[in-house]
Amino acid sequence: MSGRAMRMAWLAAALPLGGCGWLPDAYTGCEEARPYQSARQSEALRVPAGSDLPDTRNSLRIPELTTPGLPVEPGTCLEHPPAIGTALASGSGAPASGTAAVVEPAAATRPREVAMDDRSPWQARLGVNYQPTTEVDFDGGSTVEFNSSTSFLIGLGYELSKNFEIGANFTYDKRDYEASLAGDQQGERFAVEGDLESMGAMFDLSYYFLTGRIRPFIATGVGWNFVDTNIPTAPPQVGCWWNPWYGYICEDFQDTKSVDGFAYQVGAGVRYQVNPKFSVSGSYKMNWVDFPKADGTPTFDAIQLILNWGF
């Protein structure tokens, strides 16, 4: 190796070792006075006689140093402040007076954590109700197949306690159907298809097993269901009435077959409390409707997804 190369190698090795010396001293100015060192405890606010006293619970007091500070090595910037809130005065087991003054405001100003128990007892409900395809048999051999549908639901609930809730729901549904109606003659059958509209009111009672964010529950309810099959039962008719702005208005209408009956349900689900004012619940419910001339009591399964707003 040439002498020039040797000198370059020694220079490359010396640069990292000597580079730290070119930087400013990190401990320069450690012993200089700091602004906080001149802080002093002010006198208490004097209020004239007859005036209201201000709220001083969040006032900050400079704690008194009751234990000697740890020694600081010369040339270092590591400070050892007095232990506030953990040190005991003179080993007596009681906190120093200055310690209580500091810990108390911190607890007073700490934001309170909102618990799920703060939720409102009244709940406004808005949801959807999905029903799969269901086939129902009627007396005389007639059958009706109700196609799957998604209906809307609105309601109101009230929490009686942490575990019990009562409520009322109103649902509206429009779904297609296909029917095979038995005729008067033996073996005579007629195929019918169309759409029907149904409205229902249900009063329910729910029991929640838990009181946290995730709340499994069971529910039962009773109500009434009304169905308009849109099947004509009379010839079309024309009705007219007088309108003060447009004069006589005439429209045709036709009576249709409608049925109604007592309804009841049972179900189970889970409710998730997003915050004290808002929650989401999903459930599976079995509904029975006491339709006239039905073979037994038809069962309609349903999957519900409901949004709840507290007020």
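Throughout, read-outs are computed from the coordinates displayed, never taken from laboratory work. For clarity, every value in this text was computed on a predicted model and none was experimentally measured. Every residue, glycine as well, gets a Cβ built from its backbone with ideal geometry; the counts of neighbours run over all protein chains shown.
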Q. Which pairs do you get when a residue that is closer than 21 Å to GLY194 by Cβ, found in segment 249-275, comes within reach of a residue that is small (Gly, Ala, Ser) and surrounded by fewer than 16 Cβ atoms within 10 Å (Cβ to Cβ), reach meaning Cβ atoms under 7 angstrom, with the pair 6+ apart or on two chains?
A. GLU251/GLY239; PHE253/GLY239; GLN254/ALA234; ASP255/ALA234
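One line per residue, one yes/no per condition, for (1) touching a Phe, Trp or Tyr at 6+ places or on another chain (Cβ under 6 Å); (2) surrounded by 15 or more Cβ atoms within 10 Å (Cβ to Cβ); (3) of a type in the set (Asp, Glu):
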residue	(1), (2), (3)
LYS257	no, no, no
GLY261	yes, yes, no
TYR264	yes, yes, no
SER281	no, yes, no
ASN287	yes, yes, no
ALA294	yes, yes, no
LEU307	no, yes, no
**Q.** Residue match in segment 150-162 (condition: free of Cβ contacts under 8 Å to residues at least 40 places away in the same chain and closer than 14 Å to THR229 by Cα)
**A.** no
Q: Scan segment 146-184 residue by residue and report those that are aromatic (Phe, Trp, Tyr), surrounded by 14 or more Cβ atoms within 10 Å (Cβ to Cβ) and either under 26 Å from the mean Cα position of the chain (by Cα) or farther than 30 Å from GLY194 by Cα (or both).
A: PHE170
